[in-house]
Amino acid sequence: RPHLTYQMTLKFKSLQVLILEARKVINRFPLALLSAVVGTTAMVSLTGVHYSEREFLSQYVNLAMVCSLGITLFLSLTVFAETKGFSARQNGFLQAVGLLLLATYYFILPAELKTGDVYRFAMFNAALHLLVAIAPFILEEKQDGVFWQYNIALYMRIITAFIYSVTLFVGLLVAILVVDNLFSLHINDKIYGNLWLVVTGVFNTWFFLGGVPRDIRNLRAGEYPKGL
């Protein structure tokens, strides 16, 4: 019994730590995480829309595109503001400008995307991903190797988040299949695709954001991780 009580205490503390870390991500990257949730919701909604309903189809596609840009944009703005020592009000103003830009882009997107629109989106997406890599170092004269350490930390976090996401998805997938076969629930096959979207869209993003270095000035050059 004492051993069982000790295990339950550890699990409860682990849950508390998990909730605390999740809240930290919400407080630090609220709009980036909101973009992930809204974008994932749009993608899940696409699975329930028939091709004949083109109006709703285009709205969901455009919203998912804008939200995918929002994740990297708001991440870049937050990291930039933290590095420059912006106040909460200044950071909020910067986030509002980013939100305005995304809203403008959403209303500019046509109902039926053409090849040029797709190429333009791909260019924006690539540019914003690169912006994440350099955002803390804009207007900085000295880097002292911190640039590479910062990007190594991001790269390793991406790999770790992917591994955790795949593990979580497989675990939930097996659980659903077992329950379905045991109780003959006849679960709709769409749930598997939607589950993958939620895990990769929300959980993966949430987990990755939790590992973004906060104080990059404390990063020090060291040995490259074996995984890298």
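The values are calculated or read from the model by the stated rules, or taken from the named source; none is laboratory data. In this text, all values refer to a predicted model and were calculated from it rather than measured experimentally. Because the Cβ atoms are built from the backbone with ideal geometry, glycine has one as well, and the counts that use them run over all protein chains shown. Protein only, heavy atoms only, side chains kept; ligands, DNA and RNA dropped before computing areas. Shrake-Rupley method; radii C 1.70, N 1.55, O 1.52, S 1.80 Å.
Skip the ligands, DNA and RNA, and give the accessible area per residue of region 78-228 with a 1.4 Å probe, whole Å². Can you show the working numbers first?
Numbers: 10160 Å² over 151 residues.
Heavy-atom accessible area per residue stands at 67 Å².
Please state the shape class of region 44-190: rounded when a/c is under 1.5, otherwise prolate if a/b exceeds b/c and oblate if not, all from the C-alpha gyration tensor.
Taking the square roots of the gyration eigenvalues as a ≥ b ≥ c, region 44-190 is oblate.
Let a ≥ b ≥ c be the square roots of the eigenvalues of the Cα gyration tensor of region 141-198; is it rounded (a/c under 1.5), or, if not, prolate (a/b larger than b/c) or oblate?
Details: a/c = 9.43, a/b = 4.12, b/c = 2.29.
Judged from the Cα gyration tensor, region 141-198 comes out prolate (a/c at least 1.5, a/b above b/c).
Can you tell me how region 42-122 classifies by the Cα gyration tensor, rounded, prolate or oblate, using a/c under 1.5 as the rounded cut?
Judged from the Cα gyration tensor, region 42-122 comes out prolate (a/c at least 1.5, a/b above b/c).
Based on DSSP H runs of at least 4 residues, each adding -39500 (n - 2.57), what is the mean residue ellipticity at 222 nm of the chain after dividing by all its residues, to the nearest 500 deg cm²/dmol? Each step should come with its number before you reach the end.
Details: 8 runs with 168 residues, N = 228.
Here the helix-only value at 222 nm equals -25500 deg cm²/dmol.
Provide the gained length on full extension for the span Leu113 to Asn27, in nm with one decimal, where the gain is 0.36 nm per separating residue minus the Cα-Cα distance.
Details: separation 86, 0.36 × 86 = 30.96 nm, distance 3.49 nm.
Value of the extension gain: 27.5 nm.
Show me the ranking of peptides 63-70, 37-44 by mean Cβ neighbours inside 10 Å, starting with the highest.
With the highest mean Cβ count within 10 Å placed first, the list reads 63-70, 37-44.
How far apart, in nm, are the 7 Å Cα→Cβ label points at Thr160 and Ile19?
For the pair Thr160/Ile19, the computed spacing is 2.3 nm.
Contact order normalised by length for the chain, with contacts defined as Cα pairs under 8 Å and 6 or more residues apart; what percent is it?
Contact order relative to length: 27 percent.
Just how large is the dipole of region 92-206 about the Cα centre, in debye to the nearest 20, putting +1 at every Lys and Arg Cβ and -1 at every Asp and Glu Cβ?
60 debye
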